[in-house]
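Before anything else, here's the structure in question.
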Ligand code: G2I
């Protein structure tokens, strides 16, 4: 094997030649193994790493009121490539009076995200909580019409900007029934969920339309009730594209977390981790990594959203369930998550140390390696001129 003639190359970082099959066996022999673990080889932010893993996203729930906090915004812009409005797209926020829509706070988040090239998850068109007072007082066909009009108006307003909408949030009951939760919306008729999905589809055909819920992080009665609904929707052509698994987790995770995602994916819908947070404790970093690996292992898992940025931003006061501490420092859970995204172990990865004396060794061949397959993809030489 003859290395390429480097003297004839232009200055700067220059791609020299592909010779994959012969080089992959000879990497160590020609002394470039250090380059395989060079910092440029591993994505260093959550969003960039997720994007490298099949175009996935890694997002955060964002509060419009925190967008003036520079620590918060710096982390958001650096680490995340998707956002969810934590409260600003909910019914009480967007239609505070019947027929009178207000998108001011939602648009602060939308405009920030679009300016940063981030995806946007819309959350949530219909939910039994955070309804405006006027809707809470309605029932029957009056409520049904108001709810469907809300879906149509809001999805139309944001058409083209939303990657995935939580069309319906938390409509199933906890416990062993596997059935629907009682609510004013449910009392308008069992078909209210499919009516909402059809309205959302008509308003924004380009958005993925999701059903989103919690306590569905494993195979249990509640997740099976949702599974049966999704299977029925797919069989009858109700437009559903995805299921969101909120994943507000405590100190353990169900052993069938991944299998549960997979059984939904096998119905022909995408799956997304939509509101991940994990109570602080000895297992926090491991649980974050387990969730991350499960998503990566399911090809239809589009991405992960954590429900806030710093512990101090979380709705779970005192539980410190997020990836950054109150000062904005990366926690062990951050490192385990990034390592899982990068395909490594859950243990903290030591900072890679080049064995050849500096960040750029002009005598070395640098090998671009696909981290998933381990295959050498290309060879680079570097010059300093
Ligand atoms: O409860 C956690 C999440 C469960 N899944 C659906 C999500 O939409 C939900 O998010 C939380 C927000 O993180 C909280 O920020 O939803 C809560 C409402 O159920 C949000 O809390 C509300 C407070 O209850 C209000 O008092 C407050 O005015 O946040 C509002 C805005 O700060």
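The values are calculated or read from the model by the stated rules, or taken from the named source; none is laboratory data. Keep in mind it's a predicted model, so treat the numbers as computed, not measured. Backbone-built Cβ (ideal geometry, glycine too); neighbour counts: all protein chains shown.
Could you tell me which residue of region 206-223 is farthest from residue 169 (Cα to Cα), considering only residues that are in a strand (DSSP E or B) and in contact with a helix residue (DSSP H, G or I) (Cβ under 8 Å, 6 or more places away or on another chain)?
Of the residues in region 206-223, the ones in a strand (DSSP E or B) are 208-213.
Checking which are in contact with a helix residue (DSSP H, G or I) (Cβ under 8 Å, 6 or more places away or on another chain) leaves us with 209, 211, 213.
On the way: 209: 11, 211: 6, 213: 6 Å.
So the residue we want is 209.
Same structure, new question: Under the condition of being under 24 Å from residue 77 (Cα atoms) and in contact with a helix residue (DSSP H, G or I) (Cβ under 7 Å, 6 or more places away or on another chain), which residue from region 297-309 is farthest from the ligand (Cβ to nearest atom)? It would help to see each step written out before you state the result.
The initial filter retains those residues of region 297-309 that are under 24 Å from residue 77 (Cα atoms), namely 301-309.
Cutting the leftovers down to in contact with a helix residue (DSSP H, G or I) (Cβ under 7 Å, 6 or more places away or on another chain) gives us 301, 303-304, 309.
On the way: 301: 19, 303: 17, 304: 15, 309: 12 Å.
Applying the filter and picking the extreme gives 301.
Would you mind finding the one in 54, 68 that is within 16 Å of the ligand (Cβ to nearest atom), surrounded by fewer than 16 Cβ atoms within 10 Å (Cβ to Cβ) and more than 30 Å from residue 152 (Cα to Cα)? Show your work before the answer.
Details: 54 fails: within 16 Å of the ligand (Cβ to nearest atom).
Every option except 68 fails the conditions.
Given the residues 297, 333, 340, 285, which is the only one that is loosely packed, with under 15 Cβ neighbours inside 10 Å, over 22 Å from residue 221 (Cβ atoms) and at pLDDT 95 or above? Before you say what the answer is, go through the steps one by one.
On the way: 333 fails: loosely packed, with under 15 Cβ neighbours inside 10 Å; 340 fails: loosely packed, with under 15 Cβ neighbours inside 10 Å; 285 fails: loosely packed, with under 15 Cβ neighbours inside 10 Å.
One residue alone meets the criteria, 297.
Among helices (runs of 4 or more DSSP H) lying entirely in region 109-205, which contain 3 or more residues that are within 16 Å of the ligand (Cβ to nearest atom) and closer than 27 Å to residue 307 by Cβ? It would help to see each step written out before you state the result.
Values: elements: 133-136, 140-157, 192-203.
Of the helices (runs of 4 or more DSSP H) lying wholly inside region 109-205, those with at least 3 residues that are within 16 Å of the ligand (Cβ to nearest atom) and closer than 27 Å to residue 307 by Cβ span 133-136.
The rows are residues; the columns are (1) over 27 Å from residue 309 (Cα atoms); (2) in a helix (DSSP H, G or I).
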{"site": "233", "(1), (2)": "yes, yes"}
{"site": "243", "(1), (2)": "no, no"}
{"site": "272", "(1), (2)": "no, no"}
{"site": "275", "(1), (2)": "no, no"}
{"site": "286", "(1), (2)": "no, yes"}
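Continuing with the same structure: Exactly one of these conditions fails for residue 87: (1) surrounded by fewer than 15 Cβ atoms within 10 Å (Cβ to Cβ); (2) modelled with pLDDT of 50 or more; (3) part of a loop (DSSP other than H, G, I, E, B). Give me its number.
(1)
Output the residues belonging to region 51-73 that are within 13 Å of residue 302 (Cα to Cα) and touching a helix residue (DSSP H, G or I) at 6+ places or on another chain (Cβ under 6 Å). Before the answer, list the steps.
Of the residues in region 51-73, the ones within 13 Å of residue 302 (Cα to Cα) are 51-59.
Hits for region 51-73 are 53, 56, 57, 58.
Could you grab me the full set of residues in region 81-108 that are within 16 Å of the chain's Cα centre (by Cα) and away from the ligand (no atom under 13 Å from the Cβ)? Can you show your working first?
Let us first name the residues in region 81-108 that are within 16 Å of the chain's Cα centre (by Cα), namely 81-86.
If the condition is that a residue be within 16 Å of the chain's Cα centre (by Cα) and away from the ligand (no atom under 13 Å from the Cβ), then 81, 82, 83 are the ones that fit.
What are the residues in region 100-117 that are in contact (Cβ under 8 Å) with a residue 12 or more places away in the chain and surrounded by 10 or more Cβ atoms within 10 Å (Cβ to Cβ), if any?
Initial filter on region 100-117 (in contact (Cβ under 8 Å) with a residue 12 or more places away in the chain): 101, 103, 105-106, 108-110, 112-114, 116-117.
Once the filter is applied, which keeps residues that are in contact (Cβ under 8 Å) with a residue 12 or more places away in the chain and surrounded by 10 or more Cβ atoms within 10 Å (Cβ to Cβ), region 100-117 yields 101, 103, 105, 106, 108, 109, 110, 112, 113, 114, 116.
Oh, and also: Name, by its number, the condition in (1) in contact (Cβ under 8 Å) with a residue 60 or more places away in the chain; (2) part of a loop (DSSP other than H, G, I, E, B); (3) within 20 Å of residue 65 (Cβ to Cβ); (4) under 16 Å from the mean Cα position of the chain (by Cα) that does not hold for residue 305.
(2)
Those residues that are surrounded by 23 or more Cβ atoms within 10 Å (Cβ to Cβ) and in contact with a helix residue (DSSP H, G or I) (Cβ under 6 Å, 6 or more places away or on another chain), I need them from region 232-246; list them, please. Walk me through it before giving the result.
The initial filter retains those residues of region 232-246 that are surrounded by 23 or more Cβ atoms within 10 Å (Cβ to Cβ), namely 240, 242-245.
Within region 232-246, 240, 243 meet the criteria.
May I pose another question? Yes or no: region 178-185 includes at least one residue that is modelled with pLDDT under 95 and on the phi > 0 side of the Ramachandran plot.
Looking only at region 178-185, we keep the residues that are modelled with pLDDT under 95, and these are none.
No - not one qualifying residue is present in region 178-185.
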